[in-house]
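Only one structure is covered here, and it is reproduced in the block below.
The values are calculated or read from the model by the stated rules, or taken from the named source; none is laboratory data. Treat the numbers as computed from the prediction; the structure is a model and nothing was measured. Note: ideal-geometry Cβ built from the backbone for every residue, glycine included; neighbour counts use all protein chains shown. These area figures cover heavy atoms from the full protein model, side chains too; ligands, DNA and RNA do not enter into them. Shrake-Rupley method; radii C 1.70, N 1.55, O 1.52, S 1.80 Å.
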Amino acid sequence: MKLKSVFLFLLANILINMTLIAQRPYWDEYFSEDIETVQLTPTGEPLGDPILVLNDNSSKLHLSFDMFGTEYESLEYTLIHCDADWHASNLLQNEYLDGYTEAYIRDYEFSINTKQPYVHYNLDLPQNDMKIMLSGNYILKVYPEDEDDKPLFIKRLMVIDPKAMVGGKVNRTSDPSIRKTHQEVDFQINISNLGSQFPSKELRVFVRQNQRWDNMKKDLQPLSISYGVMDFDLNKENIFPGLNTFRYFDFSSQRYNSEYLDRIDVSGPIDKVYLLPSQVRRSQEYIDDPDFHGVYFIETKDWANSRVEAEYSDVHFSLAYDVPLLDGNVYVLGELTNWNITPYNKMTYNYEKKAYETTLFLKQGYYSYVYAFLPTDAKTADVSFFEGSHYQTQNFYYVFVYYRAPGTIYDQLVGMTIFRDYSI
């Protein structure tokens with residue numbers, strides 16, 4: 001009886017954990033400490049977004065990543081179709097993939113003369129033997145051969161079937177109380193080609209600022225629908241804090257200190273890069289600095305091949321602050337941390353230096369980032385707490401339009417645009 005009780009207890013816990021995992025949306029995530037610098041971008045556009053156009057043979061994505069060590073490992077990948085909220089959809093893989101449902105990553109190179117040895121893997125998507133048949137959200141999962149239950153990492157990508165046209169602009173908000181700090185995204189969606197009879201129920205509209213997912217505006221409702229056009233000239237749901245330009249640093253060369261670098265120590269088994277102590281910008285005037293909008297670019301100026309000759313270093317961050325914050329935690333936020341809030345990018349307070357500090361293991365290149373404060377029990381990080389917020393800041397705004405057609409069980413991605421031009 002005791003053995004049976006233990007078995008039932010373990011089985012119940014496994015089922016509970018599986019349920020919790022199923023309920024949690026997918027996001028960009030590493031599951032192995034040996035994986036680093038996972039990038040998924042349009043081919044030839046290293047700073048672009050992982051977005052494919054359905055049935056367009058010229059639309060390709062390039063995956064690259066490093067796996068620490070000196071030995072090549074046989075790796076496989078697959079694609080998981082998701083709903084608009086990034087939960088796995090109820091579709092079978094052969095309903096959205098034509099050909100194989102899993103395949104090998106065969107392109108790899110060994111690092112050359114680096115202190116941290118690694119194997120650099122490459123893959124172009126989609127491959128001819130695994131074609132994508134449906135639009136929507138997808139998760140790319142990479143794992144060791146025959147071990148799909150032990151992923152090394154997962155990465156988001158999107159496939160658009162452009163049936164709805166989106167137009168609009170970014171304005172300075174009309175609300176006088178936040179006019180100096182916030183921005184308003186006004187837009188219209190032409191859905192004439194969809195034939196939707198109940199657009200308010202069948203369509204979902206999301207707005208994202210830069211590449212952040214945590215503060216995305218979801219399920220915006222139109223101000224009006226007329227002659228096949230949904231009007232989103234709102235004054236609340238489509239408002240974002242303008243925030244500030246992203247901080248940045250460049251350690252593409254170990255031979256000199258670029259802007260915002262204090263020093264580089266190459267004497268040890270792993271190079272150490274010390275950034276100049278950062279200052280809180282909350283009360284500072286807006287300065288239009290160069291801005292990569294939170295993404296990073298891998299490059300070494302010291303050698304010819306950045307893919308395999310770029311070095312990994314311990315990069316030390318420091319944010320001056322007189323007293324520790326007791327009602328929340330501080331994080332480094334950007335593509336360098338997968339835009340996630342995790343223990344990996346959490347900063348600790350140094351009482352002697354009166355500063356928050358952390359160290360990230362990064363590959364040589366150009367990085368942009370911000371500091372974020374996450375109040376206790378909050379779900380969305382507050383970037384303005386340290387960085388300030390200005391209506392002049394040039395952000396990228398993404399509008400995503402999802403459509404669940406009558407009689408179907410999945411969300412199509414039928415419209416998307418990026419607003420880069422400003423009238424403010």
What do you reckon, how do Y121, Y256, Y104 stack up by accessible area (1.4 Å probe), largest on top? Y256, Y104, Y121
Report, ordered by chain and residue number, the aspartates and glutamates lying within cross-link reach of K60, taken as a straight Cα distance under 20 Å and ignoring same-chain residues fewer than 8 apart. D28, E45, D49, E76, D98, E102, D107, D124, D129, D161
Arranged from highest to lowest average of other beta-carbon atoms within 10 Å per residue, in what order do the peptides 201-210, 364-373 appear? 364-373, 201-210
Taking only the Cα atoms of the range 60-209, how large is their convex hull per residue, in Å³? 197
In the range 149-298, if every C-alpha pair distance is counted and binned at 5 Å from zero, what percent goes to each bin? 2, 7, 12, 14, 13, 12, 11, 10, 8, 6, 4, 2, 1, 0
Of the beta bridges DSSP finds with both residues in the chain, what % are antiparallel, to the nearest 5? 90
10 Å binning of all Cα-Cα separations within the chain, expressed as whole percents from 0 upward: 4, 19, 28, 27, 16, 5, 1, 0
Directionally averaged shadow of the range 243-311, computed from the convex hull of its alpha-carbon atoms, nm²: 5.8
Set the Förster radius R0 to 22 Å, insert the Cβ-Cβ distance between D314 and T181 as r into 1/(1 + (r/R0)^6), and round the FRET efficiency to 0.05. 0.05
Can you put H293, H81, H62 in order of accessible area, largest first, using a 1.4 Å probe? H62, H293, H81
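Calculate the translational D of the range 318-424 in whole µm² s⁻¹ from Stokes-Einstein, where the hydrodynamic radius comes from the Kirkwood formula applied to all Cα pairs, the temperature is 25 °C and the viscosity 0.890 mPa s. List each step's numbers first, then the result.
Working: Rh = 16.9 Å.
Rounded to a whole number, D works out at 145 µm²/s.
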Net charge contributed by nearby residues that have their C-beta within less than 13 Å of V332 (K/R +1, D/E -1): -1
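List, in the order given, every pair from K115/K346; K131/K163; K201/K346; K155/K217; K272/K353 whose Cα-Cα distance in the structure shown is over 28 Å.
K201/K346
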Probe radius 1.4 Å, ligands and nucleic acids ignored: give me the carbon and sulfur share of the accessible area of the chain as a rounded percent. 52
Rg/Rh over Cα atoms for the range 63-138, Kirkwood Rh, comes to 1.09
Unit charges at the beta carbon, dipole of the chain: most positive-side option, L47, N338, T408: T408
Using a Gaussian network for the chain with springs between C-alpha atoms less than 10 Å apart, which of these wobbles most: Y356, Y344, Y248? Y344
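Given a Förster radius of 60 Å and the C-beta distance between N122 and L223 as r, what FRET efficiency does 1/(1 + (r/R0)^6) yield to the nearest 0.05?
For N122 and L223, the calculated efficiency is 0.85.
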Residue among N305, N137, N338 with the largest mean-square fluctuation in a Gaussian network model of the chain, springs linking Cα atoms under 10 Å: N305
Can you give the Rg to Rh ratio of the range 374-424, both from alpha-carbon atoms, with Rh computed by the Kirkwood formula? 1.17
Work out the FRET efficiency for T43 and N90 from their Cβ-Cβ distance, taking R0 = 41 Å, and round it to the nearest 0.05. 0.85
Zone reached by a paramagnetic label modelled 7 Å from E145 Cα along Cα→Cβ, restricted to the range 88-130 with backbone N below 15 Å, covers 103-108
For the chain, accessible area per residue (1.4 Å probe, heavy atoms of protein chains only), Å²: 49
For the range 209-268 versus the range 86-115, the gap between their alpha-carbon centres in whole angstrom: 28
Quick one: Debye curve from the C-alpha atoms of the range 126-230, no solvent, what's log10 I(q)/I(0) at q = 0.13, 0.14, 0.20 Å⁻¹? -0.72, -0.80, -1.19
Once you've got the Cα coordinates, tell me which of K180/K354; K169/K218; K150/K363 are over 28 Å apart. K180/K354
